[in-house]
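One structure is given below, encoded as C-alpha cells.
FYI, it's all coordinate maths here, none of it is from the lab. Note that the structure is predicted; figures quoted are calculated from it, not measured. Counting neighbours? That spans all protein chains shown, and the Cβs are built from the backbone with ideal geometry, glycine included.
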Amino acid sequence: MPAPTDITAANAQTRQPPTLPSELLQIAETHWLFAEDELKRTPSIIDGLPPEKEREYRGKGVNFILQVGIMLKLPQITLATASVFLHRFYMRHPMQGTPGRSGFHHYEVGATSLFLATKVEENCRKMKELVIACVRVAQKDPQKVVDEQDKEYWRWRDVILYNEDVMLEAICFDLSLEPPYKTLFDLLVFFGEEHNKRLRNAAWAFVNDSCLTTLCLLFPSRTIATSSLYAAAKHCDVSFPDDEQGRPWWDVVGVKISDIRKACNYMADIYEGVPSKAGRESGMYERSSEMADDSDDKTRAEGTKRDDGRSPATVNGLIASPTGSQATEGRGSKRGHEDGAGTGQETITNGASYEGNGDESPRKRQRLSNNAAEANVVPTQPEQADDSADAPRSEQVRVVAEHNGTAAPVEETLDGGGLVSPKLDDDVEEGEVKA
C-alpha cells in the first residue's frame, strides 16, 4: 500500500488545467462578444435611453430572475444561463417602445429567459409554478394567492409564450452555453484550493455579481472564471506558483493577464457605481494596470512549482522533509509521547525494535534477543536497573554501542513525510533546539 505522501505527490502531478469547451461552442460564443463602444450603441440607447438607466434595467431584470429562481429552487447555473439570454436579447431589441416598434419590459424578458433556461439546462418546472412565482415577485408579494381565475396569471402566461419565439429568433438559437461556474471550480481543484472556503466564496461572489452586468458580452466565460479567481486571490492574499517551465498561472490556464485585469477593473467600476453607503469610500477597490509588470503580480508566487496547495513544497514530485528546528521539534514530541506511554514499540538504531512492558515471557524475551542480535543491537533488559535506563535517548544509544565495542552510530528517525532525516547534535535535549 503506497504511503499517503506518495498519493499526494501523484495527485499533484496528474492534475490538468480545465479543458477548453468544444470548438463549435467557442465560435458561437465569440459571435456574442462586443467592444465597449458597441455596448454604448444598443437599441435601447439609440432610442434615447441613458446608458446608466439601461445598465440599471438590465440589473433589475437579472435580479428578477434570481428571485424567481430562488422561489422555484433552481440551481445557480440555470439562473446564470437565463441572465446571458437576457443580455443577448437586449443587444437586438429595445427596452422601451417607440412609434412603430414595441418595447420589452425587463421583468417580462427575465421571465421568458428563465423559462427558456429551465429547458436548456433540463431543470424544467411546470408552467403554472413559473407563472405564479413571476406574479408574486413582480407584485412584491410572496404570499399572494394566484390561481387560474386571476387575470394576472393569464397575462403573464401569454407574455412568456409569446416572447419565447421572439427570444429564440433574437439569440439565433444559440442555446448551448458554458457558464463560468464549472470552469471556476476546475481551476480551484487544479491549484489545490477547492477547500479554501474564503477564496472559493469570494470568487463565487464575483461570478454571481458579473451576471448583473454586461461582462458576459465583453469576455468569454473562461476569462470571467479566471478573473474571478484573480480578484479573489488578491482579496484573500493567495498566490499561485509557476509551473515547471516557469510560466505564470494565467498562462497555464490559457488566459491573457491583460484581459483578466481589464475584467476586474470593469467590475470595480460597477461596484463603485452603486450608491455609496455609510463607511464606503470611493476607490476602495484595488485596480491594476493592464500593462503592469507580470513578475510583480500579487497573485504570482514566482520561483516555485505547482503542488497540491495543501502539502509542503515539493521538489520533482517529492515532498521535502522538515529541517532545522521543525525536524527537532517533531522528533522531540514524538519521543516524548513514546516515553510517556510506558509501553509500546521503541525504535533503536538501524530500525531494530523491541516491545518491553516488564511482563514478557521467557520465550518472548529469547525471541526478542535473537532479533536484536541479528541487527547488532543488544536490547535493554527490563529487569535490569542501571543508570543508563534513565539517561537521555542519545546516552542509551551510546551505552549500547559501547557494549558492542563499536562507535556510536547516528540515530535516524522517520519524519511525518516518510523521509529519513538524521538526528542533530546528541547534546540537544528532546524537543529543544540548540542555539
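Summing +1 for each Lys or Arg and -1 for each Asp or Glu among the other residues whose beta-carbon sits under 13 angstrom from that of L72 gives +3.
For R300, the amide hydrogen comes within under 5 Å of the amide hydrogens of F240, counting only partners 5 or more places away or on other chains and with H modelled in the peptide plane.
On full extension, the segment bounded by A35 and E164 gains 43.7 nm, given 0.36 nm per residue less the C-alpha separation. Placing a pseudo-label 7 Å from each Cα along the Cα-to-Cβ vector at I70 and N201 gives an inter-label distance of 1.6 nm. In whole angstrom, note down how far apart the Cα centers of the stretch 26-92 and the stretch 173-250 are. The stretch 26-92 and the stretch 173-250 have Cα centres separated by 20 Å. What are the GluC sites (Glu not before Pro) within the stretch 79-159 that DSSP puts in a loop, where the Cβ has at most 16 other Cβ atoms within 10 Å? When the GluC sites (Glu not before Pro) of the stretch 79-159 are filtered for loop state and at most 16 Cβ neighbours within 10 Å, E122, E148 remain.
In sequence order, the stretch 254-267 has phi-based couplings of x, 10, 6, 5, 5, 5, 5, 5, 5, 5, 5, 5, 5, 5 Hz under the Karplus curve 6.51 cos²θ - 1.76 cosθ + 1.60, θ = phi - 60°, and Gly or Pro positions carry x. Along the stretch 60-76 the Karplus relation, 6.51 cos²θ - 1.76 cosθ + 1.60 evaluated at θ = phi - 60°, assigns HN-Hα couplings of 5, x, 5, 5, 4, 4, 5, 5, 5, x, 5, 5, 8, 6, 8, x, 5 Hz to successive residues, with x for each Gly and Pro.
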